[in-house]
Amino acid sequence: MSVKHPVTPDGRYFVVRGRLWRMANPHLSERDKSELVKRLMTARRAVRDAKAADDAEAEAAAHRAVDDAKRALGERGPVWWPDGAPDLNRHMAKNTPYAACYAEMRRRRDAEG
């Protein structure tokens, strides 16, 4: 699997435009993860379709399905790591314990060109 965005050294987050986003639980089997990603993508398409149809009820149901899939993947809800570290999902990396790591990621990216 290729990684499109930089990942924190502990594998808990990837970084997009300076913001941390929680990774899926790496302890999921490939089969389970694949099924959950399929559910997530189906739910996202349902959100798109409900918006296009201006169907607020269907859109709300689709958003719940997205949330359910993301929780099952470990991207939302209780954290999947056992060490008690807080969830920093959606925090700006520069304002977290990952600040130095993020600064190094940016330095490397800028050096590459």
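Conditions (1) surrounded by fewer than 11 Cβ atoms within 10 Å (Cβ to Cβ); (2) touching a Phe, Trp or Tyr at 6+ places or on another chain (Cβ under 9 Å), marked per residue:
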{"position": "65", "(1), (2)": "no, no"}
{"position": "71", "(1), (2)": "no, no"}
{"position": "77", "(1), (2)": "no, no"}
{"position": "81", "(1), (2)": "no, no"}
{"position": "94", "(1), (2)": "no, yes"}
{"position": "109", "(1), (2)": "yes, no"}
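Note on the stretch 96-107: residues that are in contact with a helix residue (DSSP H, G or I) (Cβ under 7 Å, 6 or more places away or on another chain) and either surrounded by 15 or more Cβ atoms within 10 Å (Cβ to Cβ) or modelled with pLDDT under 95 (or both) amount to 1.
The single condition from (1) open to solvent by 80 Å² or more (accessible area, probe 1.4 Å); (2) over 13 Å from the mean Cα position of the chain (by Cα); (3) of a type outside the set (Phe, Trp, Tyr) that residue 60 fails is (1).
Can you report the number of residues in the stretch 8-26 which are out of contact with any Gly (no Cβ under 8 Å at 6 or more places or on another chain) and either assigned to a loop (DSSP other than H, G, I, E, B) or open to solvent by less than 50 Å² (accessible area, probe 1.4 Å) (or both)? Can you show your working first?
Let us first name the residues in the stretch 8-26 that are out of contact with any Gly (no Cβ under 8 Å at 6 or more places or on another chain), namely 8-21.
Those still in the list that are either assigned to a loop (DSSP other than H, G, I, E, B) or open to solvent by less than 50 Å² (accessible area, probe 1.4 Å) (or both) too: 8-13, 15-18, 20.
So the answer is 11.
The values are calculated or read from the model by the stated rules, or taken from the named source; none is laboratory data. Here the structure is a predicted model, which is why all the values come from computation and not from measurement. Don't worry about glycine lacking a Cβ; one is built from the backbone with ideal geometry, like all the others, and counts go over all protein chains shown. Side chains are part of the model used for accessible areas, which takes the heavy atoms of the whole protein and leaves out ligands, DNA and RNA. Shrake-Rupley method; radii C 1.70, N 1.55, O 1.52, S 1.80 Å.
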